[in-house]
Amino acid sequence: MSDYILRAAAKDEQVRAFISYNKDTVQKAREIHDTSPVASAALGRTLIVASLMSAMLKNDSDLITIQIKGDGPIRGIVVVADNKSNVKGYVYNPDVSLPLNSLGKLDVGGAIGKGSLTVIKDLGLKTPYLGQTELVTSEIAEDFTYYFTTSEQIPSAVALGVLVDTDTSIKHAGGFIIQVMPGCEEITLSTLERNISKMKSITTLFDEGNTPEDILKTIFDSIPYTIYETQKTDFRCNCSKERVEKAFISIGIKDLQDILEKDKKAELNCHFCNKNYVFDEEHIKKLISDVGCELR
């Protein structure tokens with residue numbers, strides 16, 4: 001099953017639903033960053049929720065950035081998603097090892113610790129939207145349930161799951177966001193709450209062979225709904241030599257000259273995809289010359 005997102009609605013838009021399968025996306029992130037199992041789960045859950053939120057974007061240039069900062073050993077997570085549901089991200093410390101929690105599961109909450117969740121939406125307006133809340137459990141799904149309710153005033157149910165196999169590869173990954181719109185009928189709301197409360201965990205459902213379509217049917221059992229869109233999602237970084245060069249130039253001509261005199265070269269790393277870009281002596285001289293011409 002390839003990675004994709006379903007966008008659906010029930011009862012004349014009274015309820016919105018976004019559900020995804022993200023195994024390959026999270027596996028790619030695990031391979032790029034060589035994450036430990038608990039770091040894979042933490043980064044994976046954040047990539048999943050970012051992909052789901054990307055399905056809410058309307059314009060081609062829209063971007064969502066998620067920043068999670070905590071006092072635990074992972075320290076932080078950064079994930080970015082675009083309108084095409086391309087996601088990229090990294091954890092500050094990918095090599096974290098902790099005992100299983102009291103439920104016998106990977107201790108994502110312990111790895112992140114106490115801290116904050118920040119969502120930045122660049123929607124092409126003069127100022128990006130910024131919403132920030134304290135972390136509630138640091139398990140990420142509950143934190144986004146709280147974020148949507150308090151920061152965006154949209155009652156939501158969020159489920160996120162990453163199942164790490166015995167060889168540390170990703171066996172399954174996916175999640176859903178269910179949002180209740182203003183004016184939702186009480187009977188629809190109570191039915192929805194009952195259906196979700198009876199569900200097994202999202203990774204258990206995937207491990208039993210369920211697809212996002214199957215899970216959506218379970219969530220909306222006895223509630224009429226419509227699937228509006230199916231969209232692919234993937235881990236994809238848009239960095240390039242040109243983009244990195246622009247960032248390198250932005251440090252200023254004085255610092256470029258210092259690097260040239262002391263090191264003769266520079267190596268820059270993309271945090272998102274771990275790709276290294278090397279600028280040799282001749283390249284740095286050319287950049288200094290180009291910047292100097294622009295300043296004259």
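In the stretch 82-135, of all residues being among the β-branched types (Val, Ile, Thr) and over 20 Å from residue 235 (Cα atoms), the one that is surrounded by the most Cβ atoms within 10 Å (Cβ to Cβ) corresponds to 112. Checked against the criterion of being among the aliphatic types (A, V, I, L, M) and touching an Asp or Glu at 6+ places or on another chain (Cβ under 8 Å), the candidates 38, 96, 79, 15 yield just one match: 38. Taking the conditions exactly as written (part of a helix (DSSP H, G or I), more than 23 Å from residue 87 (Cα to Cα) and assigned by TED's automatic domain parsing to the domain that holds residue 42), does residue 145 satisfy them or not? Taking the combined requirement at face value, the residue does not satisfy it. Of 20, 40, all but one fail to be at pLDDT 95 or above, under 20 Å from residue 205 (Cβ atoms), outside the structural domain of residue 272 (by TED's automatic domain parsing) and outside any helix (DSSP H, G or I); the exception is 20. Taken together, 245, 267, 261 contain a single residue that is at pLDDT below 95, surrounded by 15 or more Cβ atoms within 10 Å (Cβ to Cβ) and within 30 Å of residue 286 (Cβ to Cβ), which is 245. Whenever a residue of the stretch 22-34 is within 19 Å of residue 231 (Cβ to Cβ), its partners that are outside any helix (DSSP H, G or I) and of a type in the set (D, E, K, R), lying with C-beta atoms within less than 8 angstrom and at least six residues away or across chains, give the pairs 22/3; 23/3; 23/171; 24/3; 24/234; 25/3; 25/234; 28/234.
The condition of being modelled with pLDDT under 95, of a type in the set (Lys, Arg) and in the same structural domain as residue 148 (by TED's automatic domain parsing) holds for only one of 114, 88, 11, that being 11.
Taking the criterion of being farther than 17 Å from residue 118 by Cα and basic (Lys, Arg), would at least one residue in the stretch 87-94 satisfy it? The answer is no, given that none of the residues of the stretch 87-94 is farther than 17 Å from residue 118 by Cα and basic (Lys, Arg).
Would a scan of the stretch 205-222 turn up a residue that is assigned to a helix (DSSP H, G or I), modelled with pLDDT under 90, of a type outside the set (A, V, I, L, M) and under 26 Å from the mean Cα position of the chain (by Cα)? Checked against the condition, which is being assigned to a helix (DSSP H, G or I), modelled with pLDDT under 90, of a type outside the set (A, V, I, L, M) and under 26 Å from the mean Cα position of the chain (by Cα), the stretch 205-222 yields no hits at all.
Residues of the stretch 125-177 being within 23 Å of residue 115 (Cβ to Cβ) and among the aromatic types (Phe, Trp, Tyr), which ones? Those that are within 23 Å of residue 115 (Cβ to Cβ) and among the aromatic types (Phe, Trp, Tyr): 129, 144, 146, 147, 148. Set side by side, the residues 154, 66 differ, and just one is of a type in the set (A, V, I, L, M) and within 12 Å of the chain's Cα centre (by Cα), which is 66.
The single condition among (1) more than 30 Å from residue 41 (Cβ to Cβ); (2) touching a Gly at 6+ places or on another chain (Cβ under 7 Å) that residue 259 does not satisfy is (2).
Can you work out which of the residues in the stretch 167-189 that are outside any strand (DSSP E or B) and modelled with pLDDT of 95 or more is surrounded by the most Cβ atoms within 10 Å (Cβ to Cβ)? Please lay out each step first, then the result.
Of the residues in the stretch 167-189, the ones outside any strand (DSSP E or B) are 167-169, 181-189.
Adding the requirement that they be modelled with pLDDT of 95 or more leaves 167-169.
Details: 167: 6, 168: 12, 169: 14.
Top of the filtered list is 169.
Residues are listed down the side, and each one gets a yes or a no for (1) farther than 30 Å from residue 222 by Cβ; (2) touching a helix residue (DSSP H, G or I) at 6+ places or on another chain (Cβ under 7 Å):
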residue	(1), (2)
17	no, yes
21	no, yes
77	yes, yes
92	yes, no
96	yes, yes
102	yes, no
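Could you run through the stretch 248-290 and say how many residues are in a helix (DSSP H, G or I) and not charged (D, E, K, R)? Of the residues in the stretch 248-290, 12 are in a helix (DSSP H, G or I) and not charged (D, E, K, R).
The values are calculated or read from the model by the stated rules, or taken from the named source; none is laboratory data. Everything numeric here is computed off the predicted structure, so don't read it as measured data. Every residue, glycine among them, receives a Cβ derived from its backbone with ideal geometry; neighbour counts consider all protein chains shown.
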